[in-house]
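Report on the following structure.
The values are calculated or read from the model by the stated rules, or taken from the named source; none is laboratory data. Values in this document were obtained by computation on a predicted structure and should not be read as measured data. We place every Cβ from the backbone using ideal geometry, glycine too, and count neighbours over all the protein chains shown.
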Amino acid sequence: MEIKYFEFMKHLIRFNRQVYLDHNATTPVSDHVRDKMDQALKHHYGNPSSFYGIGRKSAELLEEARQDVANAIHADPSEVVFTACATESNNAVLKSVAAHFYPKKKKIISTPIEHPSVMNTLTYLEAQGLVVEFCPVDDKGRVQLPELEKLVDEDTFLVCCILANNENGVIQDIKAVTKIARKHGALVMTDCVQALGKIPIDVHTWDVDYASFSAHKLYGPKGVGALYVKQGSPFAPFLHGGHQESGLRAGTESIHNIVGFGAACQKVEKLLKHAGQVRALKGQLIQKLKEIKPDCIINSPVVDSECLPNTLSITFPGVENAGLMGILDYRGIAVSAGSACSTGEDAPSHVLKAIGLSDQAARETIRISLGHETSARDIQYMAQVVQDYLKGQIPFVNMLAPAQLNETVLFSEDTYILDVRPPDDRKRFKGLPNAHEINPLYVEHYLKQIPRDKQLVVYCPGGGLSVMISYYLKSKGFKRIINLRGGLDAWRKQRSDLYEKYAGHNVQVLEPDGER
Ligand code: PLP
C-alpha cells in the first residue's frame, strides 16, 4: 500500500523556509571543513602512533591541525591538547587542577553563569570537600571585578571564568580577571567555546592557564574539542591509557574530526572579518522586534565590546517561550530557550536567573543566535513570524504548568488526554493515566476520534512537539486545547507522587482511520 503524503507533514512544511538561528547550540559543517574531512576519511586512515608511511601521514595531519588551532587562539602548538569535546576539556582541567592543589588549597572561584559542563563539575568537586564560591554578576552578566577582588584569597588555587556566555553573549574582561587571580597566585581557566570565531582569542596576551574550545561551534564537526594548557601549568591526564597527545590525553586520535577542527580554525580570520555584518543584522532584528513589541527586554549587553556579535537574549513579557518557539519551529525557524542542554526541562535557566530574571520572565525568554550564513531576508522573516504571532494572526495555544496537572484535571469527565509521544519515549516511560495514544506522524488520521467538546490536554516528552500538534489541531477547528508545558518529563519531576500512583493506568491506543 502506497503511503499517502500526510496532511500534517504538509502543514508542517507549508512555510518551508528553513531559518537556523541557533548557532550557539551548534553550527552547520562548512563545505571547506567537509572537504578536508572527506579527504581524511578517504585516504588517511592510519593510526598516527604507527611508524609506517600511512601512520606518519596521519601524524602529519594531526600536527597541522594542532598548528591551525594554535594559530587561531595565539598559542604554541605544544600547548594544544585535542579532546572529545569541550565538556571533556572543562572536566579535565577542573578535576586535575583540584587534585593537584587539594587539600593544601581548597578554593575555586567561579561565576554563576558558567556552562553546565563547568557548573556540574564544580558541584561534583564541592561534594569531594572543595570550596566553590561564585562571584556576583550584574544584570547583563558582567562579572563584578571589585567583588572578585574580595573573594580571591591565599586559599584560592583557581579562578574559572567563562569568556563569552552561551545564553546572552556577555563577554568578560578576562585580562582583568587574570590580573586579580595572579595577585594571589591563583591559576585561571576560561571556557572560550562560544568565543572562537566570533571575537579574537589571544591566550598568551591574556595570560590564562587553561582554555577550552569546541569545533562544532565554528562550523566544524561535533565530537572534538581542544584544551589549551599553558606551558608549565599543572595538568594531569583525565583519561589514562596510551601515550597520545604527549601523554596528556590517551586514546587514538579522531583524525578526521581533528582535521575538521583544524580546517574550521583556518577560517577564523574570515569569520572575524564577517562579524561586523552579523552584528549589524542582529541590530536590525533588535530594532524590528522592539517595534513589534516595545516592552520587550534585551538581556544581552548593548555595548558591542561586551557582547558576542551573534547572540541575542530577549524577553517578551506575557508571551510564553514554548508557544513562541513552537510557532517559530512550525514556520521553519530554529531558536532556543536558554541553553540547548536545558531544553526539555521546565526549570528556568540558571544564567537567566543569575542576571536577575524571575522564573516567569525566564519562561518568556528566547535566545536567537545568528551565523555567518544568516541573511537580511532571514531576519525579516523571523520578525514577520513574531509579528503575526503577537498580533494574534497565528492562534495562541494555552499552556498548562506541570504542577497544575492534578487529580482533578486528570480524572475530570471533561478532560481528554492526548499522548503524542514518539514510540521510543513510550517504551521508556509510562504515560499519563486515561491518555489516548496516537502516532504523531499521522495526526490527520485520528481527527474523527478526538472529541471536539472536551478539554484536550496534549502532551509529548518535552513540551515542543505537542505545541506543534496543538497548532495543527487548532487549524482543524479544535477549540479547547491545552499543552502540557515541559511535557511528561517536567510532570514526572514535579508531580512524582502522581506519576508513581497513576502512570500508565487506563491508557488507550487509538487506531488511525482509513488507509495510511
Ligand atoms: N561551554 C560552552 C560555553 C558551551 O556553549 C558548550 C556547548 O554548548 C560547551 C562548553 C560544551 O561543548 P561540547 O558540546 O563540545 O561538549
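Structural remarks
- With a requirement of 2 or more residues that are modelled with pLDDT of 95 or more and closer than 30 Å to THR26 by Cα, the strands (runs of 3 or more DSSP E) lying completely within region 353-461 that satisfy it span 365-369, 455-459.
- Which listed residue is aliphatic (A, V, I, L, M) and within 16 Å of the ligand (Cβ to nearest atom), from VAL80, VAL19, VAL131: VAL80
- Each residue in region 105-131 was checked for being surrounded by fewer than 18 Cβ atoms within 10 Å (Cβ to Cβ) and either touching a residue at least 60 places away in the same chain (Cβ under 8 Å) or of a type in the set (A, V, I, L, M) (or both), and 4 pass.
- When we screen GLU373, GLU437 for residues that are of a type in the set (Asp, Glu) and not assigned by TED's automatic domain parsing to the domain that holds ILE333, the only hit is GLU437.
- Elements of type helices (runs of 4 or more DSSP H) in region 1-105, at least 1 residues being within 15 Å of VAL259 (Cα to Cα), under 28 Å from the mean Cα position of the chain (by Cα) and at pLDDT 95 or above: 31-43, 53-73
- Taken over region 247-256, the residue count meeting the criterion of being of a type outside the set (A, V, I, L, M, F, W, C) and more than 19 Å from LYS95 (Cβ to Cβ) is 4.
- When region 143-165 is limited to residues that are within 16 Å of the ligand (Cβ to nearest atom) and touching a residue at least 40 places away in the same chain (Cβ under 8 Å), the one that is surrounded by the most Cβ atoms within 10 Å (Cβ to Cβ) turns out to be ASN165.
- From the list ALA215, ALA226, ALA263, the lone residue that is over 17 Å from VAL93 (Cβ atoms), of a type outside the set (Val, Ile, Thr) and within 13 Å of the ligand (Cβ to nearest atom) is ALA215.
- Test: LYS474 is out of contact with any Ser or Thr (no Cβ under 6 Å at 6 or more places or on another chain) and assigned to a loop (DSSP other than H, G, I, E, B): no
- Residue check, GLN360 more than 22 Å from the chain's Cα centre (by Cα) and of a type in the set (S, T, N, Q): no
- Breaking point among (1) away from the ligand (no atom under 16 Å from the Cβ); (2) touching a Gly at 6+ places or on another chain (Cβ under 6 Å), for ASN168: (1)
- Residue in region 199-210 that is part of a strand (DSSP E or B), within 16 Å of the ligand (Cβ to nearest atom) and touching a strand residue (DSSP E or B) at 6+ places or on another chain (Cβ under 8 Å) present: yes
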